[in-house]
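Here is the structure we will look at.
Derivation of every value follows stated rules applied to the coordinates shown; laboratory data play no part. The model shown is predicted, which means the values in this text are computed figures rather than measured ones. With ideal geometry, Cβ positions are generated from the backbone for all residues, glycine too; neighbour counts draw on all protein chains shown.
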Amino acid sequence: MAKTWSFDSQAIGLKITRPKLYRTEVVEPDSFYELSIEEAQTLSRPQTRDFRFVEEHSETEKLQKLAKMKTTTLKFKFPDGIEVIRTFSPQQRQKEVYSFIREISTEITFVLRKPYGKNNYVLDDDTLLYTNGLVPNSVLCVVLTKPPTPKTPLLRAELLQNN
């Protein structure tokens, strides 16, 4: 019996990519990394900088601009290397992102976190996506708070079969 999802995978732009297992065999000789005389002279010349003044925008103006966007694309990176890409509305709440991950995953306990910066955890709360800097796109890492049983897939088998 096929599982019925609460979403239409084509309407939300759902994509699942599996990790690629390959080795790089390209080995460059040491001479490849040596600079020629012309390259060294080009790099040693003083470069003039073109200073441009950027218009300052207030935080509320930035948030208003982000709120007007139609969609935001979020990429979820799971610890096993699988990546799930989905579009959301910037007006959706962070708890809806958590419920989506709970729906497509097996019984795992997790938190979402941005792969960079301080205060990088995305909480399971009513905060809008655009107020947390997740618009126009973002990458979120799925961090397991309790390790799953060995050799248990993190995503549901029905979802992996369809994609």
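Pairs are defined by a Cβ separation below 7 Å, a sequence spacing of at least 6 or placement on different chains, a first member in segment 94-120 that is touching a residue at least 24 places away in the same chain (Cβ under 8 Å), and a second member that is small (Gly, Ala, Ser) and surrounded by 12 or more Cβ atoms within 10 Å (Cβ to Cβ); the pairs so defined are Lys114/Ser138. When residues in segment 107-163 are screened for being in a strand (DSSP E or B) and more than 18 Å from Leu66 (Cα to Cα), 11 of them pass.
Right, Glu103: closer than 26 Å to Asn137 by Cβ, of a type in the set (D, E, K, R), surrounded by 11 or more Cβ atoms within 10 Å (Cβ to Cβ) and under 14 Å from the mean Cα position of the chain (by Cα) or not? So Glu103 does not fit the description; no. Scanning segment 146-158 finds no residues that are in contact with a Pro (Cβ under 8 Å, 6 or more places away or on another chain) and among the β-branched types (Val, Ile, Thr).
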